[in-house]
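The values are calculated or read from the model by the stated rules, or taken from the named source; none is laboratory data. What you are looking at is a predicted structure, and each value in this text was computed from that prediction instead of being measured. Counting neighbours? That spans all protein chains shown, and the Cβs are built from the backbone with ideal geometry, glycine included.
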Amino acid sequence: MKSEVDVVVVGAGVTGLTAATRLVKAGRSVVVLEARDRVGGRLWTDTVDGVRLELGGQWVSPDQSALLETIDELGLKTFSRYREGEGVYVGRDGVRRTFSGASFPVSARTEAEVDRLTAVLDDLAARMDPLNPWDMPGAAELDQVSFAAWLEGQTDDEEARDNIALYIGPAMLTKPAHAFSALSAVLMAASAGSFSNLVDADFILDKRVAGGLQQVPLMLAAALGDRVVTGSPVTSIAHDAEGATVTTATGQWRAKKVIVAVPPTLVSRIAFSPNLPPIQMQARQHTSFGLVIKLHITYATPFWRQAGLSGTAFSPYQVVHEAYDNTNHDETRGTLVGFVSDENADRLLALSDGERRAQILASLSAYYGEQALEPVAYYESQWMAEEWTAGAYATSFDIGGLTRYGATLREPVGPVSFGTSDVAGLGFQHVDGAIRIGRMLADAV
Ligand code: FAD
C-alpha cells in the first residue's frame, strides 16, 4: 500500500532534516526516509571505550550563522576548544619547533611567501560568490589547473607551497593538491569567508557543542517524530509531471515533490524512472569523496598541557598532518583528535591495524613526545568503510568539473530536487552549508 504525503525527503542528515522541519512548519505533510538505522549522516556522536567521541563533524566557526541559529533554537550549548599554550610544527627539515600565534615557525622567506600567497588567495576568494563559483571572472582558467600546479606557478618556495596546499588539500578537501583545481581551492576559502579564516585554527575550529554535534540532527528528528523512518534505503524514484513514487524495501510513498538530500555520489544508487537526464548523470560522475581517517586518542591526562602545549600540531611532512586537544568539557582524561588524509591514508589503510596504529602513534610522538605512545583508548573513524557515506569529509569536483557541472548539481528534475552540504556556497562541505541548502530546498518546494 502506498502512503501519500506532500513531500518525501530522502536522507536524514542535517540537510534533509532541516528541509523537513521547515516544510512541516509550513503545514506540509512530510516523510523522511533514511537508509541507516540512525539519523545524522556524517554527524555521529558515540561512546567508545568509555569516551564520548565525535566520530564525524564537530566544530563550529563564528561565521557559520545558519548552524549557530539552529544550535540556539534547539537550546544547545557550545564550549571552546582548549587553546592555552604553544602549538607544535614539524618543518621540511624534520625539526620540531613550538610556536604561538597564527604563523608557523618557518624561515623569514617562507613566512613572507606564505603571507603573500595568503593575500593572493584572500583576494581571489573576495571576488567569488561561493554559491556560484563558476561565475567568478577567470573561473574557467582557475578550474583547468590543479591547485598544486597553480602553487608552483606562484612561488619556488617549497615549504610555503606545502603549507598552503596543506590547508586546502589534506585539511579540507582531503585530496592531494594535484587532484582538484585552483578554483575548488578558492571555493573552499570563499565558503569560509576568506582564506585567512580557513587557516586560522582558532577561527575555523572555534566551538564544539556540549554533548556532541549529532544532537542537532537527533533533536530535529525527535521533533519530526514518526515522520522519520530509519533503516529504509530508497531504491527507486518513479517520477512524472504530477509527482513521484518513492520505493524502499519496506514501503512506497507517493508525493508531489521529492527532496534527495544525499551526497551526489550516492544519487546513482537510486534507480530513477525515467532515468535522470544525461548531464545529471555525467555531473555526478565528476564528483568524489575525499579520504581521511579521523583519530581519537585518549590519555590518562592531557599531559601536553603540563608541557605548556595547546595540543595544536601541524606538519605537511607528518603522517598525522594536524592534531588538536579534543578533551570533552566534562572529562579529566585528555583526548587528542588527529587526521591522516589522502595519499597518507591510502598508504596506512593498506597496513595491518597494528602497523597503522604504530605509525600513527609514532607521528603523534614527533609532536608531543614519548608519552603520546601510551594511550588508554584509541579509535579511528573510517567513513570510507560506511556504505551510506563512503568517504570524508565531503565530495568535491575533479579538475574542470566545477565550471562544467557545478550548477547542474542543484538543478531539479521534474518534481525531484537535490542537495547536501557539498553543493552549498557559504558553509560548503560543512554542517552550516547543509542547513543553508536544506532551507533553500524547502523554500523552493
Ligand atoms: P549526510 O550527513 O551525508 O546525510 C545524508 C544522509 O542520507 C545519510 O544519513 C545517509 O545515510 C542517507 N542516505 C544516503 N543514501 C540514501 C538512500 N538511498 N536512501 C535513504 N537514505 C540515504 N562539518 C562541520 O561543519 N564541522 C566539522 O568539524 C566537520 N568535520 C567532519 C569530520 C568528518 C569525519 C566528517 C565525515 C564530516 C565532517 N564535517 C564537518 C562535514 C559535515 O559532517 C557534513 O558536511 C554534513 O553533516 C553533511 O550533511 P548532509 O545532510 O548534507 O549529508
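Brief remarks on what is shown
- Only listed residue being more than 11 Å from L33 (Cβ to Cβ), more than 23 Å from the chain's Cα centre (by Cα) and without any contact (Cβ under 8 Å) to a residue 12 or more places away in the chain, chosen from P278, P274: P278
- Helices (runs of 4 or more DSSP H) fully within the stretch 269-373 counting 3 or more residues that are of a type in the set (D, E): 342-349
- Among residues that are modelled with pLDDT of 95 or more, buried (at least 22 other Cβ atoms within 10 Å of the Cβ) and not hydroxyl-bearing (S, T, Y), A255 is included.
- For the residues A35, A20, A102, the requirement of being within 16 Å of the ligand (Cβ to nearest atom) and not in a helix (DSSP H, G or I) singles out A35.
- Hits in the stretch 40-69 - residues which are among the charged types (D, E, K, R) and within 8 Å of the ligand (Cβ to nearest atom): R42, E54
- Assessment of the stretch 348-356 against the conditions (touching a residue at least 40 places away in the same chain (Cβ under 8 Å), outside the structural domain of G169 (by TED's automatic domain parsing) and among the hydrophobic types (A, V, I, L, M, F, W, C)) yields at least one matching residue.
- Qualifying residue in the stretch 359-376 (condition: within 16 Å of the ligand (Cβ to nearest atom), under 25 Å from Q318 (Cα atoms) and out of contact with any helix residue (DSSP H, G or I) (no Cβ under 8 Å at 6 or more places or on another chain)): no
- Answer residue from the stretch 267-285, given it is within 10 Å of the ligand (Cβ to nearest atom) and of a type in the set (V, I, T) and is farthest from A394 (Cα to Cα) among those: I270
- Test: S288 is more than 10 Å from the ligand (Cβ to nearest atom) and more than 25 Å from V32 (Cβ to Cβ): yes
- Scanning the stretch 49-88 for residues that are outside any loop (DSSP other than H, G, I, E, B), touching a Ser or Thr at 6+ places or on another chain (Cβ under 6 Å) and modelled with pLDDT of 95 or more yields E54, E86, G87, V88.
- Among the candidates D432, D443, the residue that is of a type in the set (D, E, K, R), under 30 Å from D72 (Cα atoms) and away from the ligand (no atom under 16 Å from the Cβ) is uniquely D443.
- Candidate set: the stretch 381-403, residues that are buried (at least 19 other Cβ atoms within 10 Å of the Cβ) and in a helix (DSSP H, G or I); chosen: the one farthest from the ligand (Cβ to nearest atom): T403
- Across the stretch 419-442, the qualifying residues are those that are of a type outside the set (V, I, T) and touching a Pro at 6+ places or on another chain (Cβ under 7 Å), and the one among them that is nearest to S288 (Cα to Cα) is D422.
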